[in-house]
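This report concerns only the one structure given below.
Computed from the coordinates by the stated procedures, all read-outs in this text should not be read as laboratory data. Fair warning: this is a prediction, and the values are worked out from it, not measured in the lab. With ideal geometry, Cβ positions are generated from the backbone for all residues, glycine too; neighbour counts draw on all protein chains shown.
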There are 2 protein chains.
Amino acid sequence: MQTKYILDEKDIPKKWYNILSEMPNKPHPPLHPGTIKPIGPEDLAPLFPMALIEQEVSLEKYIDIPEEVLNILTMWRPTPLYRAHRLEKAIGTKSKIYYKYEGTSPAGSHKPNTAVAQAYYNKKEGVKKLSTETGAGQWGSSLALAGSLFGLEVKVYMVKVSYEQKPYRRALMEAWGANVVPSPTTETQAGRSILEKDPNSQGSLGIAISEAVEVAAQNADTKYSLGSVLNHVLHHQTIIGEECIKQMQMTGDYPDVVIASAGGGSNFAGIAFPFLREKIAGKNIKIVAVEPTACPTLTKGEFSYDFGDTVGLTPLVKMYTLGHDFMPPGIHAGGLRYHGMAPIVSQLYHDSLIEALSLEQAKIFEGASIFAKNEGIIPAPESAHAVQGAIEEAKKADEEGKTKTILFNLSGHGHFDMSAYTQYFSGKLEDSTLSEIKLKESLSSLPVV
Amino acid sequence: MQTKYILDEKDIPKKWYNILSEMPNKPHPPLHPGTIKPIGPEDLAPLFPMALIEQEVSLEKYIDIPEEVLNILTMWRPTPLYRAHRLEKAIGTKSKIYYKYEGTSPAGSHKPNTAVAQAYYNKKEGVKKLSTETGAGQWGSSLALAGSLFGLEVKVYMVKVSYEQKPYRRALMEAWGANVVPSPTTETQAGRSILEKDPNSQGSLGIAISEAVEVAAQNADTKYSLGSVLNHVLHHQTIIGEECIKQMQMTGDYPDVVIASAGGGSNFAGIAFPFLREKIAGKNIKIVAVEPTACPTLTKGEFSYDFGDTVGLTPLVKMYTLGHDFMPPGIHAGGLRYHGMAPIVSQLYHDSLIEALSLEQAKIFEGASIFAKNEGIIPAPESAHAVQGAIEEAKKADEEGKTKTILFNLSGHGHFDMSAYTQYFSGKLEDSTLSEIKLKESLSSLPVV
């Protein structure tokens with residue numbers, strides 16, 4: 001009874017898939033926040049190296065992965081695909097559940113797939129320093145790792161509440177040599193303006209982005225690095241789904257349903273886009289993005305132009321958004337607390353090529369616990385959304401008397417999130433109820449374009 | 001430039017190696033603590049299932065690994081062997097450094113290799129519950145994982161100071177369904193006797209062993225499980241070295257030096273014993289056990305009969321020991337704070353088949369930091385002893401104008417030890433100096449046999 005499917009290292013994908021090339025409707029163009037006109041490469045040049053700007057707008061179907069990037073990715077790739085025999089038995093389903101496990105990277109999630117690529121292109125173009133933001137710390141630690149491997153300085157603006165609550169994530173970044181500061185800081189104009197209004201601000205991802213972008217825009221040797229949302233970031237993650245397609249062939253099965261959690265959209269894109277290519281070509285696959293009820297970007301947001309950050313420094317992008325000053329409840333899935341969704345993912349959802357589902361925090365820890373006891377791996381709270389999504393899909397199939405093949409992306413482990421599990425086991429998991437009034441307020445602040 | 005060497009799953013070793021079969025001098029027999037006479041299988045029967053007792057005394061060269069055990073081990077095995085190109089470059093050595101990485105198991109170390117086997121044999125003989133002790137938590141979490149996979153209850157006596165300092169390790173065990181209590185407890189006679197003498201006792205591994213053994217001895221449905229020291233535990237770990245031998249063949253190199261950290265001796269045995277088989281057969285290999293200067297069992301202990309626990313419930317075994325009431329400084333490498341050393345490893349050291357080296361705590365974090373920045377993986381403090389041992393061996397070779405092939409065992413990751421890294425980075429790492437007076441005292445308490 002085989003449970004693990006591993007590709008040979010020589011079969012690691014050599015190209016990223018660019019779904020932009022095949023989307024029936026392309027995402028709307030990003031707009032300059034000042035002129036409200038479509039931005040060009042020159043507008044992005046202060047923030048990103050040219051190679052990444054080219055990838056951002058490319059319409060080529062495939063993009064070659066540089067050998068130097070592959071060399072580092074093979075430190076932990078190809079990653080395993082598992083058949084969840086024990087989980088299936090535990091929940092009593094007749095469906096088959098497979099999961100791709102991305103927690104084998106040193107940073108513990110899928111994020112290094114793009115961090116390594118971004119560090120590589122920046123290094124190649126002579127950049128000395130990268131600035132970025134991080135919430136729960138998955139992204140910050142991944143960029144810290146990549147920076148240390150390419151000899152780049154990394155400055156991380158970490159959302160203050162996480163900085164204080166997650167000292168070990170911070171320690172991880174510091175172990176890889178990054179400079180981590182609690183955001184908002186007094187170092188940037190963005191930070192100072194927030195602190196003037198609220199000296200006790202606990203920070204947010206939107207604020208931290210504002211700070212990291214400002215620093216990159218103002219320093220010639222510094223570029224900005226983003227862990228999700230942007231097109232090139234999503235492309236870089238498709239190595240996950242490309243591996244999965246080959247691994248599913250090894251199993252002899254083919255997924256009826258592909259499931260991933262969605263915050264900014266990168267791990268979802270990673271597993272889903274290569275299967276979407278097959279769906280566009282005629283395969284019958286249901287593809288589901290799972291988000292928290294506390295931050296229901298796809299299921300309750302509006303498809304509208306909005307800023308990527310809180311202060312309004314980034315281009316306006318057309319996406320599903322809860323409003324750029326939306327402040328979600330303090331759920332443990334910090335990586336899913338972003339107000340927006342990647343423009344590509346948003347357009348695909350708008351065009352009904354993918355579906356969305358939102359789940360309560362207590363429910364996802366219930367699923368994570370069943371998973372951990374049976375499959376051994378402790379899911380990150382973010383990834384637990386995909387776990388529970390798969391469990392619910394399997395149960396629904398049982399009720400309908402169907403047998404489905406379900407594939408989900410276990411995007412990372414929860415080794416740095418055990419306090420969340422402790423709270424769950426002690427019955428003290430905080431309420432993740434979304435305030436409908438607050439949501440209405442933040443949606444009403446959407447810029448009129 | 002290849003950095004990772006992975007065996008095909010079909011090449012996973014199917015047998016454990018039993019070095020007892022080939023040792024020039026066998027370890028001295030364990031003695032009954034009451035009669036001071038060699039113990040027989042019947043003395044061990046209350047504590048262990050018969051299959052493990054047979055393995056404990058077996059002189060067969062190889063022991064078949066049951067298929068059910070292999071099925072679970074292949075959830076994360078075979079584990080990778082890496083060539084540390086980046087580390088070599090960072091320290092400027094001409095030697096080649098390889099490392100075997102055992103942190104890919106869900107519990108994050110080599111410990112599940114034996115936990116799974118022990119849970120399997122207990123389950124097969126109808127045992128319902130396992131009791132054990134844990135210090136830093138690596139072993140407790142591994143047995144919790146194995147128990148959850150085989151449907152066995154697991155009770156963990158966790159050294160109180162660790163229970164309080166490491167809530168996330170505890171949460172990990174609880175996530176796998178184990179019942180974890182701070183030792184000493186009032187549940188056992190052993191615990192009560194310690195608390196009578198010192199109500200504020202912070203516990204020790206020796207005390208926790210006393211409690212776990214007592215509970216197993218008094219309950220028919222409960223057996224005891226130990227994560228190191230015993231012969232069968234060491235056998236189970238040889239899968240590490242057996243894989244390494246095949247992987248080194250893939251590299252085209254052969255190790256001049258094999259290095260591992262040593263607490264009770266299990267990860268050391270795991271990588272070293274299969275190479276010792278080749279050394280006994282004529283190969284020229286230097287094999288080094290690295291221990292902390294704070295708990296220098298091999299380098300400063302005596303080769304003497306002693307108890308495995310503090311209270312004196314276990315058989316007397318001939319081993320290198322610092323005395324069963326030795327209380328080491330509170331270093332972060334909790335897994336290396338045991339007063340004794342496995343009888344097999346002790347005998348091999350006594351017979352000069354292996355060497356030993358002790359390293360200061362600050363030094364091992366220096367090595368761990370260089371390693372993390374260059375190889376990506378954050379070593380567990382225990383494993384960091386092997387890292388620094390390898391760095392020193394490489395530097396020595398450079399000084400001597402030699403080029404060596406060095407192989408070490410990176411037995412686990414440090415995701416649950418980041419507070420130690422934080423202390424190191426902030427320059428606040430506590431002193432790990434051993435009190436010579438205390439050592440002398442505890443050595444003077446060795447039982448006269």
Mean projected area (nm²) of the alpha-carbon convex hull when segment A:205-308 is viewed from all directions: 8.8 nm²
Length released on extending from residue B:37 to residue B:400, taking residue separation times 0.36 nm less the Cα-Cα span: 125.7 nm
Debye log10 I(q)/I(0) for chain B, one point scatterer per Cα, at q = 0.10 Å⁻¹: -0.64
Virtual spin-label span in nm between residue A:440 and residue B:59, 7 Å along Cα→Cβ: 8.5 nm
Coordinate range along principal axes, alpha carbons of segment A:251-367, Å, largest first: 49, 35, 19
Over 20 Å (Cα to Cα) - which of A:166/B:155; A:89/B:111; B:283/B:404; B:166/B:428; A:61/A:279 fall in this group: A:166/B:155; A:89/B:111
Segment A:163-188 versus segment B:125-146: alpha-carbon centroid distance in Å: 35 Å
Kirkwood-based shape ratio for the protein assembly as shown, expressed as Rg/Rh from alpha carbons: 0.98
Fluctuation leader among B:181, B:258, B:233 - chain B, Gaussian network, Cα springs under 10 angstrom: B:181
Relative contact order (%) - criterion: Cα under 8 Å, at least six apart; region: chain B: 19 percent
DSSP beta bridge pairing in the protein assembly as shown, given as percent antiparallel to the nearest 5: 35 percent
Beta bridges by DSSP in chain B, antiparallel share as percent, to the nearest 5: 35 percent
Relative contact order [Cα under 8 Å, 6+ residues apart], segment A:304-354, whole percent: 31 percent
Cα convex hull volume per residue for segment B:147-249 (Å³): 137 Å³
Shape parameters for segment B:196-253, alpha-carbon atoms, Rg then Dmax in Å: 19.0, 60
Label distances, nm, residue B:126 versus same residue in remaining copies, Cβ-directed 7 Å point: 7.9
Segment B:1-151 shape via C-alpha gyration tensor axes, a/c threshold 1.5: prolate
Beta bridges per DSSP with both ends in segment A:201-347, % antiparallel, nearest 5: 60 percent
Contact order normalised by residue count of segment A:234-303, Cα under 8 Å, 6+ apart, percent: 36 percent
Using a 7 Å Cα-to-Cβ projection, residue A:50 label spacings across copies, nm, ascending: 7.7
Per DSSP, loop trypsin sites (Lys or Arg not before Pro) in segment B:23-98 with at most 15 further Cβ within 10 Å: B:61, B:94
Restricting segment B:1-98 to GluC sites (Glu not before Pro) in coil, as DSSP defines it, with at most 16 other Cβ within 10 Å: B:22, B:60
Stokes-Einstein D (µm²/s) once Rh is taken as the Kirkwood radius of segment A:340-449 over alpha-carbon pairs, at 20 °C in 1.002 mPa s: 131 µm²/s
In range of the label at residue A:4: residues from segment B:232-276 whose backbone nitrogen is under 18 Å from the point 7 Å along Cα→Cβ: B:236-248, B:271
Axis proximity, chain A to B: residue whose C-beta lies nearest, plus whole-Å distance: A:415, 2
